[in-house]
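To start, the structure itself, in structure tokens.
The values are calculated or read from the model by the stated rules, or taken from the named source; none is laboratory data. Remember, it's a predicted structure, so these values are computed and weren't measured experimentally. Here the Cβ is made from the backbone with ideal geometry for all residues, glycine too, and neighbour counts use every protein chain on show.
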Amino acid sequence: MFNGLQKTESYNNYLLEFVEEIEDLLQNGFLWNGIIHPVQVRAIICDAPAMAFVKAIKSHGGYYCCSKCYIKGEAVATGNNTKIVYPDLHSEQRTNEAFRARKILPSGEDDTGHHMKKEPNVLQRPPIDMIKTFPVDKIMSLVKA
């Protein structure tokens, strides 16, 4: 996902060129064989760490890491280690609108437990659904997508 010795620090700088091109394609389509074809973004495919980076959210294993719902993980001691587990399988589903607004969690907490950065994410500029456009691997999900 990156080139060089380390990952870029700014997801916005990393995504800006992509976002500008997607915005142009969504608005103007693309010309092929003399015909302008409309463009839709149906999915952005990423593994879990890449999705967390581009959406600027907690990565897998965090307390509020689920990209589809508001489940809160709990720390459980296992020998010399601590693991985060998700015991409640019934949690309110995230929506595009709530994601963009950083909706207050059902517990009353704000959603800073899910969002990593305070500045707006440039990926939210195009009219794409920030939840449904990012499918998760079925093996990683107990929630119907």
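For (1) over 17 Å from GLY62 (Cβ atoms); (2) at pLDDT 85 or above; (3) among the basic types (Lys, Arg), each residue gets a yes or a no:
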| position | (1), (2), (3) |
| --- | --- |
| ALA75 | no, yes, no |
| THR82 | no, yes, no |
| LEU89 | yes, no, no |
| GLN93 | yes, yes, no |
| ILE104 | yes, no, no |
| GLY108 | yes, no, no |
| ASP111 | no, no, no |
| MET116 | no, no, no |
| PRO120 | yes, no, no |
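Checking PRO127 against (1) surrounded by 14 or more Cβ atoms within 10 Å (Cβ to Cβ); (2) more than 14 Å from the chain's Cα centre (by Cα); (3) of a type outside the set (Val, Ile, Thr); (4) at pLDDT 85 or above: exactly one of these is not met. Which one?
(1)
Which pairs turn up if I take residues in the range 11-23 that are under 19 Å from PRO38 (Cβ atoms) and look for partners that are in a helix (DSSP H, G or I) with beta carbon separation below 7 Å, at least 6 apart in sequence or on another chain?
If the second residue must be in a helix (DSSP H, G or I), the pairs left are VAL19/VAL122; VAL19/LEU123.
Among (1) closer than 21 Å to ILE131 by Cα; (2) touching a Ser or Thr at 6+ places or on another chain (Cβ under 6 Å), there is one condition SER59 misses while meeting the rest; what is its number?
With respect to (1) closer than 21 Å to ILE131 by Cα; (2) touching a Ser or Thr at 6+ places or on another chain (Cβ under 6 Å), SER59 is out only on (2).
On the basis of being at pLDDT below 85, part of a loop (DSSP other than H, G, I, E, B), under 23 Å from GLY113 (Cβ atoms) and touching a helix residue (DSSP H, G or I) at 6+ places or on another chain (Cβ under 6 Å), does HIS60 make the cut? Give the derivation first.
Details: at pLDDT below 85: yes; part of a loop (DSSP other than H, G, I, E, B): yes; under 23 Å from GLY113 (Cβ atoms): yes; touching a helix residue (DSSP H, G or I) at 6+ places or on another chain (Cβ under 6 Å): yes.
So HIS60 fits the description; yes.
Could you please find all residues in the range 10-50 being assigned to a loop (DSSP other than H, G, I, E, B) and within 17 Å of the chain's Cα centre (by Cα)?
Of everything in the range 10-50, those that are assigned to a loop (DSSP other than H, G, I, E, B) and within 17 Å of the chain's Cα centre (by Cα) turn out to be SER10, VAL41, ARG42, ALA43, ILE44, ILE45, CYS46, ASP47.
Restricting to the range 7-54, give me the number of residues that are among the hydroxyl-bearing types (Ser, Thr, Tyr) and surrounded by fewer than 15 Cβ atoms within 10 Å (Cβ to Cβ).
Matching residues across the range 7-54 total 2.
Could you pull out the residue among THR82, THR95 that is farther than 22 Å from VAL136 by Cβ and among the hydroxyl-bearing types (Ser, Thr, Tyr)?
Result: THR82 is the single residue among THR82, THR95 that is farther than 22 Å from VAL136 by Cβ and among the hydroxyl-bearing types (Ser, Thr, Tyr).
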